[in-house]
Amino acid sequence: MIVNKNGVGVCLLLAALFLPMAHAISVSYGSSGYSGSVSVSETYKLDDSTAMAETTDLSSGAVSQSTSLSGTGLNLVTKSVSGGAYGIEAAAQSYGALGMSTALSASGTSGGMSQSVSGAGNIAAVSAGTSVSDAVCNIAQVENGLISTAQSTTSGGSVSGAQSTSLEGEIGVVGSISTTGDSGMAVTGEIIGEGKIDADLCSSDTSITGQVSVDGTRWMDSQDMSIVGSNDFGIVVEGLRVAGDGIGTFSVNAAHVSTADARKSNVRTNAMTYYQNSPLSYTTTGWRWNRASPLVLYLKADSNLASEGLNSNSVREALTSAADTWDGVTSRNLFYDGGVIVDSRKNADNPYDGYSVHAWKYLSLAPSALAYSRTRYGYPKVNGYYTVLESDVSYNTRYSWTTDWSTAVNNNGRIFDVQTVALHELGHTLGLGDLYTLPSTDPRRGDYSQIMNSYNDPQRTLGSGDIAGIRKLYGI
Ligand SMILES: [Zn+2]
């Protein structure tokens, strides 16, 4: 530890390190002055291929530092800086090609730290900050892919953070969380299956602005985020994508969170033994249909539907059957008994009109999206569950759809079954979450008997976890 109390600048050059083998280095130092003291600690676990240069300046109660690093293999870098009433941390872990630079400037009362991380392979970068009652966190992670992310955090009297991230790979996650006291807001984007996420997010004082795009389509923008921040509780867009030679998924969320939620980590580790059609295999989202009157679903019957070769009556029956399948396993009458209402004037993907609409659309900017739901939920909270306000489902006419079971079975992966996708999406509408987004250590994640797992085959019936989940929400 180097402590400088006399105001004379000290320049530390930790030098370009060419390490003969993997080494762990820990460095801690601090500086005190009239405005207080600041301390820094760093840890490096570097591959033997990795080179690093670091320059640190210490003066009375202040520190500034810059680091650059490049290498391959397994590398882990963590840095934290703290002053009288604030703290900032940044970390990056990679397995693969890595280029990284960091900069920090801090005093006893405030500080800022940024890191720029790019590379290929498995890479995660996190930047976080706290002040007396505020916290922000930005995270970006890719598996088997490429990433370029710039993250920064400043803290002192208040705390703010930002990230600009572009990643593509087999699994990708981008997230930003901002909290004050016990509550805050989170925005996340996630892909499973080959794909791309671009996100620019700025967070401070429990509000987040920016945008999240998946495969080039902007699913969440500042307008959505400000509505979530000021009026409603959350917006979730989740859907199916064509990914490589299989079917992948994506989800983009903007929500209020509790500080406890914000602390939950999103760590993925090796696979394990999964449940097989278990009643334990469900997860809830935190919202449900709280109203006494049943939920009315609309089908937009328009030229898009007709040009798919779909008959609006058959689609209406498929959607109604999907709704009835959920209704049939709980005592609550969840969906309107008159069936889905065909109405060409209602629009899906308008999450603010109060109508829950299913529609077929040519998603010109979303070539990989098969189908997605956009659910808006908010107050009141009933027995701990937020209230679904509306839930729209869009089906991409770039892909082929059928209401015929044998056509779907015989063309699995090429022609998609309307009722299967509707059954899954209506599960979200009612408050069940995806199993495939659970950590890979979770035994529910590999239970493909559940409709709330990913689409692997046409499936018009519920698994025992789906049934247990809906009964947990609505009773037997
Ligand atoms: Zn889903």
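The values are calculated or read from the model by the stated rules, or taken from the named source; none is laboratory data. All figures in this text were calculated on a predicted structure; none of them were measured in a lab. We place every Cβ from the backbone using ideal geometry, glycine too, and count neighbours over all the protein chains shown. Note: areas computed on protein heavy atoms with side chains; ligands, DNA, RNA excluded. Shrake-Rupley method; radii C 1.70, N 1.55, O 1.52, S 1.80 Å.
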Point to revise | Farthest toward positive dipole pole in the stretch 3-262 [+1 Lys/Arg, -1 Asp/Glu at C-beta], among N122, V142, V38 | key: V38
Revision key, fill the gap. Taking 343-355, 69-81 and ranking on average Cβ neighbours within 10 Å, highest first, one gets 69-81, 343-355
Check your understanding: How much accessible area per residue does the stretch 3-262 have, in Å², with a 1.4 Å probe?
Key -> 37
Review point. How much solvent-accessible surface does H358 expose, in Å² to the nearest 10, with a 1.4 Å probe and all protein chains in place?
Key: 0
Exercise for review: Find which of S440, S251, S204 sits farthest along the positive direction of the dipole of the chain, computed with +1 on the beta-carbon of Lys and Arg, -1 on that of Asp and Glu, about the Cα centre.
Suggested key: S204
Study note, to complete from the structure: Under 29 Å between C-alpha atoms, the lysine pairs in the chain lying 8 or more places apart or on different chains count 15
Exercise for review: Classify the stretch 3-262 as rounded, prolate or oblate from the Cα gyration tensor: take a ≥ b ≥ c as the square roots of its eigenvalues, call it rounded if a/c is under 1.5, otherwise prolate when a/b beats b/c and oblate if not.
Suggested key: oblate
Exercise for review: Express the carbon and sulfur contribution to the solvent-accessible surface of the chain as a percent, rounded to the nearest whole number, probe 1.4 angstrom.
Suggested key: 51
Review point. Given R₀ = 25 Å, FRET efficiency for N311-N456 by Cβ-Cβ distance, to 0.05?
Key: 0.40
Exercise for review: Can you pull a Stokes-Einstein diffusion coefficient for the chain at 37 °C (0.692 mPa s), Rh from Kirkwood over Cα pairs, as a whole number of µm²/s?
Suggested key: 138
Check your understanding: So what's the net charge close to V77: Lys and Arg +1, Asp and Glu -1, counting the other residues with Cβ under 12 Å from its Cβ?
Key -> -2
Review point. Dipole of the chain, Cα-centred, from +1 at each Lys and Arg C-beta and -1 at each Asp and Glu C-beta, to the nearest 20 debye?
Key: 620
Review point. With charges only on Cβ, +1 for K and R and -1 for D and E, what is the dipole size of the stretch 287-474 about its Cα centre, in debye, rounded to 20?
Key: 440
**Study point:** Dipole of the chain, positive end: most advanced residue of N311, A468, T403 [Cβ charges, Cα centre]
**Key:** A468
Exercise for review: Mind checking the per residue accessible area of the stretch 287-474 for me, 1.4 Å probe, whole number of Å²?
Suggested key: 37
Practice item. Could you order peptides 116-124, 395-403, 298-306 by the average number of other Cβ atoms within 10 Å of their residues, highest first? Key: 116-124, 395-403, 298-306
Review point. Taking 0.36 nm per residue of separation and subtracting the Cα-Cα distance, what length does fully extending A85 through N277 add?
Key: 64.1 nm
Exercise for review: Describe numerically, in nm with one decimal, the distance between label points set 7 Å from Cα along Cα→Cβ at S440 and at S41.
Suggested key: 3.1
Exercise for review: Grab the Cα-Cα distance for N144 and S303, subtract it from 0.36 nm times how many residues apart they are, and report the gain in nm with one decimal.
Suggested key: 53.2 nm
